[in-house]
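The values are calculated or read from the model by the stated rules, or taken from the named source; none is laboratory data. Note that this is a predicted model, so its numbers are computed, not measured. Glycine also receives a Cβ, built like all others from the backbone with ideal geometry; neighbour counts cover every protein chain displayed.
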Amino acid sequence: MLFLVGFMGTGKSCVGAAAARLLGREFIDLDARIEASLGMTIAEWFSTRGEAPFRVAETSALEEVAKQAVPAVVACGGGVVLADRNWEIMRASGLVVCLTAPVEVIMERTRHDASRPLLAGQLDRSRVEALLAERAERYAMADATVESPGGLEATAQLVCDAYRRLQPHEGDVRADG
């Protein structure tokens, strides 16, 4: 398994899907899976039930994904790194690559996205910087870090390169990837 972590707006879902294609693997968007399980969006869940119960559901979904037999690229939510249990799950079943981007890029990518519950309509530089600072130590725990301010395919290739360096014996599913 290859788990992509990073702050919101760093491209985990888009880059993850592209990296999965390059590696010939299934792609799993953990947030989408959680939303399907909960029957509502994450933003709705945050506003009606709060963050703590969501984090429990997030860990449960991560455990389920980690148990599957088919290797996949998993785009995790930005806060998955906050729980020690989630790190145990990811480390036991794969490698973790953290996507990063400059604050300006994150703000541009999330500016019109109402589905970001932790920003709650407060998209300003100081809020983004504060959240990044709170999580910096956790993001630094990843096996590799890839900056993602550039093009989608180039970033996906960098993720695949990092994965291959870290897990050279596993290789790709496809020979042309």
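In region 46-70, the residue that is surrounded by the most Cβ atoms within 10 Å (Cβ to Cβ) out of those that are in contact with a helix residue (DSSP H, G or I) (Cβ under 8 Å, 6 or more places away or on another chain) and in contact (Cβ under 8 Å) with a residue 60 or more places away in the chain is VAL65.
Working carefully through the options THR10, THR48, THR59, find the one that is among the β-branched types (Val, Ile, Thr) and part of a loop (DSSP other than H, G, I, E, B).
Only one candidate qualifies: THR10.
Selection within region 88-107: residues that are within 19 Å of GLU137 (Cβ to Cβ) and in a helix (DSSP H, G or I). The member of this set that is modelled with the lowest pLDDT is ILE106.
If I filter region 71-84 for residues that are farther than 19 Å from ASP143 by Cβ, loosely packed, with under 13 Cβ neighbours inside 10 Å and over 13 Å from the mean Cα position of the chain (by Cα), do I get at least one hit? No, region 71-84 contains no residue that is farther than 19 Å from ASP143 by Cβ, loosely packed, with under 13 Cβ neighbours inside 10 Å and over 13 Å from the mean Cα position of the chain (by Cα). Among the residues examined, PHE27 does not qualify as modelled with pLDDT under 95 and touching a helix residue (DSSP H, G or I) at 6+ places or on another chain (Cβ under 8 Å). In region 62-87, which residues are closer than 16 Å to ARG33 by Cβ and assigned to a helix (DSSP H, G or I)? Result: LEU62, GLU63, GLU64, VAL65, ALA66, LYS67, VAL80, ASN86.
Checked against (1) surrounded by fewer than 20 Cβ atoms within 10 Å (Cβ to Cβ); (2) within 10 Å of the chain's Cα centre (by Cα); (3) farther than 20 Å from SER93 by Cα; (4) not β-branched (Val, Ile, Thr), GLY11 passes all but condition (1). Based on what the data block shows, is ALA32 of a type in the set (Gly, Ala, Ser), under 22 Å from ASP84 (Cβ atoms) and free of Cβ contacts under 8 Å to residues at least 24 places away in the same chain? Taking the combined requirement at face value, the residue does not satisfy it. Please determine, by comparing only the residues of region 111-161 that are assigned to a strand (DSSP E or B) and either at pLDDT 95 or above or polar (S, T, N, Q) (or both), which one is surrounded by the most Cβ atoms within 10 Å (Cβ to Cβ). Among those residues, the one meeting the criterion is VAL146. Quick check on region 19-45: of everything there that is charged (D, E, K, R) and in a helix (DSSP H, G or I), which residue is farthest from ALA75 (Cα to Cα)? This residue is GLU44.
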